[in-house]
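What follows is a short report on a single structure.
The values are calculated or read from the model by the stated rules, or taken from the named source; none is laboratory data. Computed from a prediction, not measured in an experiment: that's the story for all the values here. Virtual Cβ from ideal backbone geometry, glycine too; neighbours counted across all protein chains shown.
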Amino acid sequence: MRSALQNTSIVSLFLLLLAGCGSKITDANYYRVQHGMTEKEVEDVLGPAHSETVEGPTSRPAATQPVTTKVKTWTRGELTIRVVFEDGVVVRRSADGIPAEAAPVSRPVRT
């Protein structure tokens, strides 16, 4: 027969494993990513990025300082989330696998 300590340990281990199984890469978390958030804030929401591309520094016409652009990507199944950062803050986001974020479909005009 197991002791109460062994049972508590087994239950605690199971809960820790269960908590680690949930992915942060979800439709809901995609919508939590907002313009102006820092990279750290985005990673708190989505977890570590699966890939990262850095471009720059490049100059903008109105800018006096070069801008570094970074694109981070998160993927889970059919869902792919891309977040573009300029100088460490979100300037754009996009997703594949979220129906509301798909490009609008052109429909023929009826006359």
Among what's in segment 65-97 and is part of a strand (DSSP E or B) and modelled with pLDDT under 90, pick the residue that is nearest to Glu43 (Cα to Cα).
Thr68
Look through segment 73-91, keep the residues that are without any contact (Cβ under 8 Å) to a residue 40 or more places away in the chain and either of a type in the set (D, E, K, R) or in contact with a Leu (Cβ under 9 Å, 6 or more places away or on another chain) (or both), and return whichever of them is farthest from Thr38 (Cα to Cα).
Glu78
Name the residue, out of Ala19, Ala62, Ala100, that is assigned to a loop (DSSP other than H, G, I, E, B) and either in contact with a Ser or Thr (Cβ under 6 Å, 6 or more places away or on another chain) or modelled with pLDDT under 95 (or both).
Ala62
Here's a check for you: in segment 43-59, which residue that is loosely packed, with under 15 Cβ neighbours inside 10 Å and part of a loop (DSSP other than H, G, I, E, B) is modelled with the lowest pLDDT?
Ser59
